[in-house]
Amino acid sequence: MADSLSKVEINDLLEAARSARGKAYAPYSSFPVGAAALGLDGRIYTGCNVENISYGLTNCAERTAIFKSISEGNRGFKAVAIAAGTDDYCFPCGACRQVIAEFGRDILVISSNSSGRYIISTIEELLPAGFTADMLRKETAD
Ligand code: THU
């Protein structure tokens, strides 16, 4: 289980996610989202959604943050925070859950709403019985 987060870490992540939301490129949905991933290196990696006229090529805020981190050399994460302008808590989509789970089943996901309230889940709770690298390793040879 990951260490629990301090209030300072949570507030820093939510503030970074809200700030990243301001950079979203979302002309088609008008639904800007920001994310902030806390790396095990102690750095915060931010991301926003980047939409495309083809729609299907859209990249969510969470994946942008994770991909930025990986490309800068950090592969371990403690938490990922998400900020959208919704009354309800904004949870990651299925694709983003799979991408977050790639880097650890105990990563904490902080889903926030427009009032700044939040709920914390582990990625294991959000993607139970997900497809993992263990399955590839356990494949029966035939
Ligand atoms: N989106 C995210 O970036 N993250 C989420 O957690 C939910 C959805 C984006 C994708 C698309 O650009 C827009 O929000 C509407 O679905």
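Pull up the cross-link candidates among the aspartates and glutamates for Lys23, meaning alpha carbon to alpha carbon under 18 Å and not fewer than 8 places away within one chain.
Once the sequence-local aspartates and glutamates are set aside, what remains near Lys23 is Asp12, Glu15, Glu51, Glu62.
When the Kirkwood hydrodynamic radius is evaluated over all pairs of different C-alpha atoms of the chain, what value in angstrom, to one decimal, is obtained?
Details: mean 1/r = 0.0655 Å⁻¹.
With all distinct Cα pairs of the chain included, I get 15.3 Å.
Using a probe radius of 1.4 Å on heavy atoms only, what accessible surface per residue do you get for the chain? Whole Å² is fine. Before the final figure, lay out the partial values.
Values: 7910 Å² over 142 residues.
Per-residue value: 56 Å².
Please turn the phi angles of the stretch 16-21 into ³J(HN,Hα) values with the Karplus equation 6.51 cos²θ - 1.76 cosθ + 1.60 (θ = phi - 60°), one per residue in order, whole Hz, x for glycine and proline.
5, 5, 5, 5, 5, 4
When the helix-only estimate is applied to the chain (DSSP H runs of n ≥ 4, each -39,500 (n - 2.57), divided by the residue count), what is the mean residue ellipticity at 222 nm, nearest 500 deg cm²/dmol? Walk me through the numbers on the way to the answer.
On the way: 5 runs with 43 residues, N = 142.
Calculated from helices alone, the mean residue ellipticity at 222 nm is -8500 deg cm²/dmol.
Per residue of the stretch 101-115, what does 6.51 cos²θ - 1.76 cosθ + 1.60 with θ = phi - 60° give for ³J(HN,Hα)? Whole Hz please, x for Gly and Pro, Karplus curve as stated.
Rounded to whole hertz, the list is 5, 4, 10, x, 6, 9, 5, 8, 10, 9, 9, 10, 10, 5, 8.
Where the centroid of each part is defined by its Cα atoms, how far is the stretch 4-63 from the stretch 72-142 in Å?
Spelled out, the Cα-based centre of one part sits 13 Å from the other.
By per-residue mean of other Cβ atoms within 10 Å, what is the highest-first order of 93-99, 77-83, 58-64?
Working: 93-99: 16.3, 77-83: 27.1, 58-64: 22.7.
So the order, starting with the most tightly packed, is 77-83, 58-64, 93-99.
Over the chain, what is the relative contact order in percent, taking alpha-carbon pairs closer than 8 angstrom and at least six residues apart? Intermediate results must be reported in sequence, preceding the final value.
Working: 292 pairs, mean separation 27.4, N = 142.
Rounded, it is 19 percent for the chain.
Using Cα pairs under 8 angstrom and six or more residues apart, how large is the relative contact order of the stretch 1-81, in percent?
Computed value for the stretch 1-81: 29 percent relative contact order.
The values are calculated or read from the model by the stated rules, or taken from the named source; none is laboratory data. Since the model is a prediction, treat every value here as computed from it, not as a measurement. Counting neighbours? That spans all protein chains shown, and the Cβs are built from the backbone with ideal geometry, glycine included. Please note that ligands, DNA and RNA were not included when accessible areas were found on the heavy atoms of the full protein model with its side chains. Shrake-Rupley method; radii C 1.70, N 1.55, O 1.52, S 1.80 Å.
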